[in-house]
Structure formats: C-alpha cells, structure tokens
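A short worksheet on the structure shown next.
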Amino acid sequence: MNSKLNENSAELTATAASQGVIVSQNLRQSLSTYYPWVIISLCAFFLFYKYVLQVSPSVMTKELMGEFHVNGAGLGNLAATFFYAYLVAQLFAGPLLDRFSPRYLTTFAILLCAVGSFAFANTHSLLAAEISRALMGAGTAFATVSYMKMSAMWFRSNQVAFVDGLLATAAMTGALCGQVPLTMLVDHSGWRSSLLYCALFGLVFASLFWLLVKDKNKPSESIPTQPKGSLLKFSDIRSLLKDKKNWLLTLYSGLAFTPIAVLGGLWGNPFFEVSHHLSNTEAAYFTSLIFIGLAIGSPLFGYFAGRGDSVKVMIVGTIIAFISLVFAIYMINLPLWLFGTLLFVFGMGTGVFMLSFPLGKALNPIGLAATVVALINTGDALFGSFTEPLIGKLLDIFWDGTVVDGVHHFSVQGYHVALSLLPMYLLAGLACLFGLKKLTAIHQNSVRVFAS
C-alpha cells in the first residue's frame, strides 16, 4: 500500500516537474519574444524626452527673454547651446555605443538630461542657463543613436527597418507634448516648475531604464555588431568619412530637418502669434500640426521607399515640404484651416529626411551602424546650432523698436526676412539629393533601403 502511494507520489512529482519545466520554457520563450519590444519602447521614451526638452523654449520665449534680459539673438543663442553640446557629444556617441555598454551609457545620458533640466529651472544667471541647456543637449545626443543601436542588437534583420521607422513617431510624440501640453503646464505652473517636472520625469525614467534594460551578449540574427569592448578599426572609420555619399546624407539631413527644428523648437510659436493673431496656446496647436505631419509622413514615405528608388522619394517629399513652407510663411491672409493644412503637409513632406538613416546604414558596413547614424545626425545639430541665433540676429536687425511688457516685439515683415533661410535650406537639401542620386547611380540602378 505504502509502496503504491510512494510510486503515485513519485509519478505526480515527475509530472509536476515536467510541467514546470514546460511552463518555464514557455515563459522564457514569451519573454524573449517581447523583451526586445520593452527595450525599444524605453529607447523610444528617451526620444520622447529628448524632443520635449529640445522644443521647450518655443513655448516660453517671452518668459526667457524677460528673465534673462536678452534680445532675439540672445534667445537664439540660449536655445542653440543645446545644439552646440549635442554636436560635440554626437561625435563620440556612435563610437562609444559601438564599443561600450549601451545600458550604462544611455542611463547616464538620461540622468544628464534630468540634471540639466533641474539646473535650468533653478538658475537666474544667463551663463548658468546656457550651461544647463548644454547638459540637456549632451545627454540627448545619445537618444537617436541608442535607439538605432538597440534595434540592430535585439531585432532580426527583417524587423529592423520597421522598428527604425517607428523612431519618428516616438520623437514627434515628444515634440507634440512639448507644444500644447507643455504650454498649458507653463501657463498653469510657470516655466520653472514645468522644467522641474521634466527633471523629475528624467530621474524616474533613468531608474527604469537601468532596472529593465540589459545588454545583449549575442548579436541578433543576421545583424553583426561591433564586439563588446573591441576597438573600432580606424581604417573603417576613415573609409566612412571619405565616402562622399555619407557627407551628402549628413548635409541633407541637417538642411531638411532644421526648418522643423527652428519653427517647432523656437521661432514658430512667436511668429504664428504675430502673423495670425493667436494666443500662445493656439500657436502651439498649429506648431503641433507640423510634428503630426512628420510622424505620419516618415513611415508613409518609408513605405514608398521600400517599393522604389528611395532617393527619388526623398526628392519628392522635399519638394512638397518646400512648396507648403513657402505658402505657410508668406501667405498670412489664408484661412486658419488652410494655414494648418499647409503646416501639416510641410511636416509630412519633411518626414522623408528620416530615410537618411536607413539609407546610410545600407550604404555602409552594418558593424558601424551607430557611427553612421551619429555622423548623419550631426547634420541636424550643426545647422540648428547656428540657424536659431542667426534668425534671432536677423530679427534684431529688422526690429522696429516695439517693446511689449519689456520684451522685444518683432514684426511680421521681420519674420518674413529672417525665416526666408528655411526655404533656402530645403533648396540646398534638394541639391544634395541630386548629387547623391548621381553617386549612387554609379554603383547601382536604384537604391532600395527597405529591401524585403
């Protein structure tokens, strides 16, 4: 009797153990399937955070000019310190992420953003404000590169293009929250408290990133990456820098994205307030339409690029952006619904600039993926670093002497002259694309980025 009971007990124990093993295996398999999406979602939140910080000055221009007693050029320079630091840090972000732990570096970068936001919210000195803004720029320099690096590490080759295409959606969601929601928060709590909330968010987010993200020791299927701790070969980087196609992509990316960065990040809101007699919140709503258009246009043009010549798609999108931007800036008597439509179409057309990143990765060794992305991303920071203060300087030159509440008030005519740089940038970007098309035609009949 006892022996029978012992046999039955042993059988039940063995059955339970085998079922436990099956459940454990199924759980591990489920986690291995969904864990890459957890990681890429956290990287997407970093992009979200980056763009909230980047565009935040656009909804507090009057407050910043009054607090730090600066004119248009001074405000432009204060906002652009973000890009100065971003530009320098971007030179190192790619190689560092290709060599060292993305988990450590990205967590530190998020913390740096939070520290910068906290310091900016508490300073009364222009110099300290510029240093704080520079800390934000240095930290956010890792956002895009980290996202691209993680997608290459954790996703299969047939998933990477789709995952990379989601980058713009995450980034522009952050830019959207940096407009109307942040404007409402500034109106309710003041600009200092708003930036303190941003700092608190960054601190919590950095902790979550550190706890939930781990580095992958084994590269994803068909995605060779730089071995952890190994040095990048100088010959590879030299050949990357000697390739004219990479420089044309870098220039194009900067020239195409800067109009959105300038309008959405600083000068769009005050211009729309003057040109269409809008409140700060109403102007932020119209600025948001640019980012909505970009979030839709980027994956849409990516879809078409996968079925044709990607450079041709980029040319078409840039032409659309140029035409709609010219009408949006200079046709100030248009109905508001048409004005908003033009801003949306401008953002949608500019969405093609995101194709620069997968195109750059396709034209270079995949082991240098983060370095290539960092190089192309440098163009955005380079042009943004001098365009915002340059437009501010032009506004000062054409200022008619009007002061409202102790702050310089710029005229519509002054904005028309200063913002004329932006359509010129898009024309120069088109020239880069035609040069790129000529170079790629030497090697192949058409360049397909999202090959199936």
> Mind ordering 190-203, 82-95 by average Cβ neighbours within 10 Å, highest first?
Replying inline: 82-95, 190-203
>> Sort 327-336, 47-56, 125-134 by packing, meaning the average of other beta carbons within 10 Å per residue, with the highest value first.
In response: 47-56, 125-134, 327-336
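Rg over Rh of region 276-348, using C-alpha atoms and the Kirkwood radius, what does it come to?
1.06
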> Which length gain, in nm to one decimal place, applies between VAL404 and LEU208 when the Cα-Cα distance is subtracted from 0.36 nm times their residue separation?
Replying inline: 66.1 nm
> What is the distance, in nm, between label points placed 7 Å from the Cα along the Cα-to-Cβ direction at MET424 and at TYR34?
Replying inline: 5.4 nm
>> Once neighbouring chains are kept in place and the probe is 1.4 Å, which whole percent of the accessible area of region 70-160 is contributed by carbon and sulfur?
In response: 72 percent
>> Taking 18 Å as the cut-off for C-alpha to C-alpha distance, list the pairs among LYS149/LYS438; LYS62/LYS393; LYS149/LYS242; LYS149/LYS437; LYS149/LYS244; LYS50/LYS216 that go past it.
In response: LYS149/LYS438; LYS149/LYS242; LYS149/LYS437; LYS149/LYS244; LYS50/LYS216
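Given the Cα-Cα distance of ILE397 and MET331 and 0.36 nm per residue of separation, how much length would full extension add, in nm?
In short, 21.5 nm is gained.
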> At a Förster radius of 35 Å, what calculated FRET efficiency corresponds to the Cβ-Cβ distance of TYR303 and LYS244, to the nearest 0.05?
Replying inline: 0.80
> Over the Cα atoms of region 62-115, what is the Rg over Rh ratio if Rh follows Kirkwood?
Replying inline: 1.17
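Where the accessible area of region 255-307 is counted over protein heavy atoms with a 1.4 Å probe, how much of it, in %, is carbon and sulfur?
Summing carbon and sulfur atoms, their accessible area is 67 percent of the total for region 255-307.
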> Using just the C-alpha positions of region 116-156 as equal point scatterers, what log10 of I(q)/I(0) does the Debye formula give at each q in 0.28 1/Å?
Replying inline: -0.83
> Under a 1.4 Å probe, what is the accessible area of region 51-171 per residue, stated in Å²?
Replying inline: 32 Å²
> Compactness ratio of region 79-185: Cα Rg over 2.2 N^0.38 Å, N = residue count?
Replying inline: 1.19
> If packing is taken as the mean number of other Cβ atoms within 10 Å per residue, what is the order of 166-174, 398-406, highest first?
Replying inline: 166-174, 398-406
> Near VAL59, within a Cβ-to-Cβ distance under 13 Å, what is the net charge of the other residues, with Lys and Arg +1 and Asp and Glu -1?
Replying inline: -3
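The values are calculated or read from the model by the stated rules, or taken from the named source; none is laboratory data. Since the structure is predicted, the reported quantities are computational estimates derived from the model, not experimental observations. Counting neighbours? That spans all protein chains shown, and the Cβs are built from the backbone with ideal geometry, glycine included. These accessible areas exclude ligands, DNA and RNA; they are computed on the full protein's heavy atoms, side chains included. Shrake-Rupley method; radii C 1.70, N 1.55, O 1.52, S 1.80 Å.
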